[in-house]
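The numbers here are math on the coordinates, done by the rules we state, and not lab data. Everything numeric here is computed off the predicted structure, so don't read it as measured data. Here the Cβ is made from the backbone with ideal geometry for all residues, glycine too, and neighbour counts use every protein chain on show.
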Amino acid sequence: MKTIKIMDEIRDNISPETKMQMELSVAIANRVYNILESKGMSQKDFARLMGKTETEVSRWLSGTHNLTIATISKISVALGEDIIKVTNYSYLPFHEDDLMLAAESPEIEDTDYNKE
């Protein structure tokens, strides 16, 4: 395959972290695109579902946009599909009623961490 020399030079000078970020961004965009395709949804449908403009969704799906974890989570919930998976992690759904702040927990005693 014939490539443009300047692009090869640019690729050779990109840090491993930047390469990884680029690969992940494209992988996330492809995952969203594949989910949309499997659900028969257009970018317009997706934009409407997310309450976003088609332009913003187009940026997301370009693979060059730096999506936040919050946005990825919203997309995942809206589409009802995992967008990314972290290995060795298990999601345990909870209800707000099940939460208790450590300060309210009777099992946790006050601790002075500055004591010697």
Open item on the list: Counting only other residues whose beta carbon sits under 10 Å from that of Glu81, what net charge do I get with K and R as +1, D and E as -1?
Closed with: +1
- [ ] Among the listed pairs Lys19/Lys74; Lys52/Lys85; Lys19/Lys85, give every one whose C-alpha distance is greater than 27 Å.
- [x] none
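Can you tell me how the stretch 5-83 classifies by the Cα gyration tensor, rounded, prolate or oblate, using a/c under 1.5 as the rounded cut?
Numbers: a/c = 2.45, a/b = 2.12, b/c = 1.16.
In terms of gyration-tensor shape, prolate.
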Task: Near-label residues of the stretch 14-32 by backbone N, under 13 Å of a point 7 Å along Cα→Cβ of His65 - done: 26, 28-30, 32
TODO: May I ask for the net charge around Met50, where only other residues with Cβ less than 13 Å from the Cβ of Met50 are counted and Lys, Arg are +1 while Asp, Glu are -1?
DONE: +2
Open item on the list: Can you tally the net charge around His65? Count Lys and Arg as +1, Asp and Glu as -1, for every other residue whose Cβ sits under 9 Å from the Cβ of His65.
Closed with: 0
Task: Segment Asp8-Lys39, extension gain: residue separation times 0.36 nm, minus the distance between their alpha carbons - done: 7.5 nm
